[in-house]
Amino acid sequence: MSACRVPRRRVTRRRTLLPAAGVAAAAVLLSACGSGGTSGGSQQTKFVQGKDGIDTVKPADRQQAPDISGESTEGKHLDAADYKGKVVVLNIWGSWCAPCIAEAPNFAKVANETKDEGVQFLGINTRDSKKTQAVSFEEQHKIPYPSLYDPMGKLMLRFPKGSLNPQAIPTTIAIDRKGRIAARALTPLSESELRKMIDPLIAEK
């Protein structure tokens with residue numbers, strides 16, 4: 001199942017909303033779920049495109065992750081910076097998103113399995129108009145980690161231009177122990193793909 005991708009030009013009224021910089025209302029239309037694959041970057045990004053849909057960056061070329069903080073789906077303050085020193089796995093999702101539903105059990109399982117290995121999973125819930133929608137999703141799928149509530153997608157705009165920034169829903173971004181963006185997937189991930197993404201970061205010292 002493919003992710004919902006950001007279109008380059010045309011959009012239709014039935015497509016999903018996602019905010020983008022430079023638009024007065026801070027929102028553009030996201031294309032419906034289409035074909036997956038990797039996304040191009042710039043020379044500054046210096047990432048390696050994986051055949052499995054996971055893009056990675058060598059330690060020397062990684063950029064610092066932006067400030068990712070705000071109110072959680074449960075109304076508490078949540079800040080990714082509090083977990084510096086751990087591998088942070090950031091998953092951008094929505095309760096309305098079919099690929100997010102498909103990958104949720106994989107994320108719940110791997111999050112539980114790696115919590116004692118110095119890994120912290122976090123979510124960014126987007127495009128849900130009410131927190132109750134996000135909370136119901138988390139309860140139904142037994143999600144063991146917190147998520148930021150970001151209905152307008154403003155947190156996604158904080159990622160540096162040219163970095164492994166979010167470009168689809170779901171997007172998963174892995175941040176290394178030094179707070180740097182290390183890997184990204186623009187497609188839903190299986191349990192094995194998710195482990196392949198984070199295991200090298202767990203092994204880093």
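The values are calculated or read from the model by the stated rules, or taken from the named source; none is laboratory data. The shown structure was predicted, so the numbers you read here are calculated from the model rather than taken from an experiment. No Cβ is skipped: glycine too gets one built from the backbone with ideal geometry, and neighbour counts run over all protein chains shown. For the accessible areas, the whole protein counts, side chains as well, though only heavy atoms, and no ligand, DNA or RNA atoms are used. Shrake-Rupley method; radii C 1.70, N 1.55, O 1.52, S 1.80 Å.
Table for the structure above
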read-out	value
Three-way shape call for segment 94-199 based on the alpha-carbon gyration tensor, with the a/c threshold at 1.5	oblate
Span from the segment 127-194 Cα centroid across to the segment 85-124 one, whole angstrom	8
With every protein chain in place, segment 73-205: carbon and sulfur % of accessible area (1.4 Å)	51
Reach of residue 161 by Cα under 17 Å, taken over aspartates and glutamates that are not fewer than 8 positions away in the same chain	55, 61, 67
Those lysines that a straight Cα-Cα span of less than 28 Å connects to residue 131, excepting residues fewer than 8 apart in one chain	76, 84, 86, 109, 115, 142, 154
Kirkwood Rh (inverse of mean 1/r, distinct Cα pairs), segment 56-97, angstrom	12.6
Relative packing of 191-197, 127-133, 164-170, 94-100, which averages over residues the other C-beta atoms within 10 Å, highest first	164-170, 94-100, 191-197, 127-133
Whether segment 82-124 is rounded, prolate or oblate, judged on the alpha carbon gyration tensor where a/c under 1.5 counts as rounded	oblate
Residue-by-residue Karplus 3J(HN,Hα) for segment 109-119, coefficients 6.51, -1.76, 1.60, Hz, glycine and proline x	5, 5, 4, 5, 6, 10, 5, 8, 9, x, 10
Per residue accessible area of segment 72-113, 1.4 Å probe, in Å²	41
